[in-house]
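Written below as structure tokens is the structure these notes are about.
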Amino acid sequence: MSALSELFESLATRTWNDIGDADRLGFAMGETSITDFHMRDLFRAKLRGIRIRQAKGLDEARFGFDWEWWLGARDSWIRYSVQAKKLSQGTGKYDSLRQPVGKGPGAPQQIDVLDSFAQSQNSIPLYCFYNHLKNHVTARDGWNCHCEFDLTQLGCTLAPLHEVRVQHKAGETKTFTALHYKKSAIPWRCLFKCWGLPWPSLGPGGPFYPFDYVVRPRRLPQFLTPEATENEGELPAGGYHAIELPSQYYDSQLGGYPKRIAVFDFEQMEF
Ligand SMILES: [Zn+2]
């Protein structure tokens, strides 16, 4: 198993335990805090090939979604646009699944901002769910990985936006089961371990093209290459390599953009 899938497995286990322990202690961990901890730990892991960036100087209320991930090697990259949602321990539902971006009656829903961005930029829109479940029968019902059942790997799961849309509608059930009964809702480590088609340029045993998308190879934008950043691996004052987002890569009809960017450069990793 690669160090990358191990890292994602450890983040999922921690998320599962953190949400459960916070609930037992009487407070709720927000999805933003959890995502920030993930960014910190991706940075801390100091794995070759992981590069993280933070969008600079943008109005927080206008951010469309949480993360952008670039996965790939050489001239073959996939871009994911990712929105995180936490399972509320109080209600057992994803309470903030329906959420407007901005204020006022005309404010678009987050899911539409994400969808619009993905269409404009030809990225793959995903939901990332942060979970803890008291009922382990429910957990087994939501296990869509080909590998042996592993409870805490459900701490962080992914589902493609088009599958989430049905449950997103007002009045639809927003429980873990409702969002995980489709086979395409998987633990996030599966991206790097066990799900989909092998990455063509890296051969068997490598990471996977998930979610049944036919992926057209694309280049990594210059501003995300190692050459674009001096002192790779050093955390400068003020954040995770805070950068201005080049407009040609962050233009969309509804004006959303990611707050954080993570690059996973497989060429620099061992599988
Ligand atoms: Zn899997």
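The values are calculated or read from the model by the stated rules, or taken from the named source; none is laboratory data. All values derive from a computational prediction rather than experimental measurement. Using ideal geometry, Cβ is built from the backbone for each residue, glycine included, and neighbour counts are taken over all protein chains shown.
Can we say Phe65 is in contact with a helix residue (DSSP H, G or I) (Cβ under 7 Å, 6 or more places away or on another chain) and farther than 15 Å from Gly155 by Cβ? So Phe65 fits the description; yes.
In the range 168-179 there is no residue that is under 20 Å from Trp77 (Cβ atoms) and either modelled with pLDDT of 80 or more or not basic (Lys, Arg) (or both). When the range 1-45 is filtered for residues that are under 18 Å from Lys93 (Cα atoms) and among the hydroxyl-bearing types (Ser, Thr, Tyr), the ones remaining, listed by number, are Thr15, Thr32.
Specify the residue that is modelled with the lowest pLDDT; the eligible residues are those in the range 42-57 that are of a type in the set (Gly, Ala, Ser) and touching a strand residue (DSSP E or B) at 6+ places or on another chain (Cβ under 6 Å). Only one residue fits best here, namely Ala55. Check the range 73-95 and report whether any residue there is free of Cβ contacts under 8 Å to residues at least 60 places away in the same chain, over 26 Å from Arg219 (Cβ atoms) and in a strand (DSSP E or B). Checking the range 73-95: at least one residue is free of Cβ contacts under 8 Å to residues at least 60 places away in the same chain, over 26 Å from Arg219 (Cβ atoms) and in a strand (DSSP E or B). When the residues of the range 58-94 are filtered to those that are modelled with pLDDT of 90 or more and surrounded by fewer than 15 Cβ atoms within 10 Å (Cβ to Cβ), the one that is farthest from His162 (Cα to Cα) is Gly90. Looking across the range 139-150, just one residue is more than 9 Å from the ligand (Cβ to nearest atom), loosely packed, with under 14 Cβ neighbours inside 10 Å and among the hydrophobic types (A, V, I, L, M, F, W, C), and that is Phe149. Within the range 253-271, residues that are over 29 Å from Gln110 (Cβ atoms) reach partners that are among the charged types (D, E, K, R) and not in a helix (DSSP H, G or I) with beta carbons closer than 9 Å, at six or more positions or on different chains, in the pairs Phe266/Arg74; Glu267/Arg74; Gln268/Arg48; Met269/Arg48; Glu270/Arg48. Would you mention how many residues in the range 256-271 are in contact with a Pro (Cβ under 9 Å, 6 or more places away or on another chain) and surrounded by fewer than 20 Cβ atoms within 10 Å (Cβ to Cβ)? Qualifying residue count for the region: 3. Glu9 satisfies every condition listed in (1) at pLDDT 90 or above; (2) under 21 Å from Gln83 (Cβ atoms) except (2). Counting only helices (runs of 4 or more DSSP H) that sit completely within the range 99-189, those holding 2 or more residues that are within 15 Å of the chain's Cα centre (by Cα) correspond to 110-121, 161-168. Scanning the range 156-195 for residues that are of a type in the set (D, E, K, R), away from the ligand (no atom under 11 Å from the Cβ) and touching a residue at least 40 places away in the same chain (Cβ under 8 Å) returns Arg165, Lys174.
For the range 10-36, the set of residues classified as touching a His at 6+ places or on another chain (Cβ under 8 Å) and part of a loop (DSSP other than H, G, I, E, B) is empty.
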